[in-house]
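The values are calculated or read from the model by the stated rules, or taken from the named source; none is laboratory data. None of the values given here were measured: they were computed from a predicted structure. Please note: Cβ atoms are built from the backbone with ideal geometry, for glycine as well, and neighbour counts cover all protein chains shown. All accessible areas refer to the heavy atoms of the entire protein, side chains included, with ligands and DNA or RNA removed. Shrake-Rupley method; radii C 1.70, N 1.55, O 1.52, S 1.80 Å.
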Amino acid sequence: MPNFTAVVTLLAVMLYFWTGFQVGQARVKFAVKAPATTGNPEFERAFRIQMNTLEWMPIFLPSIWLAAIYVSDIGAAVLGMVWIAGRALYMRGYAQAAEKRERGFFVQAIAAGLLWLAALIGAVASLLHA
């Protein structure tokens, strides 16, 4: 059972929940009533942080689980933590200014790419040895 990956998955979900909470706080602070998604640049950045995190979840989640199953639970969990750290760095930078989001974006994108590659290699290897 990939126990380490399970914990990292829950941490990733907590991070996503936190981004949603941040959007809610920004709505109140900048008086942006739902369903509006524009109006104040700081609110818009908070909203984009949440949406971009959501956009990456369908890439990250299957990749981390397949990498854990086919290759290594601990390895997948470590790369998952790098992904979370990249998302946190992205969140911190983007909240300050759109130009400051790149470093975190690249960290999480590389981690997700490595997880996807590990999952692909593991799945193909499993097929070849079946």
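Descriptive notes on the structure:
- For segment 69-109 versus segment 1-26, the gap between their alpha-carbon centres in whole angstrom: 13 Å
- Accessible area per residue, Å², the chain with all protein chains present, probe 1.4 Å: 59 Å²
- Charge-dipole axis of the chain as Lys and Arg at +1 and Asp and Glu at -1 on Cβ define it, positive-most pick from TRP56, TRP116, ALA98: ALA98
- Among MET14, MET81, MET91, residue whose mean-square fluctuation peaks in a GNM of the chain (springs only between Cα atoms under 10 Å): MET14
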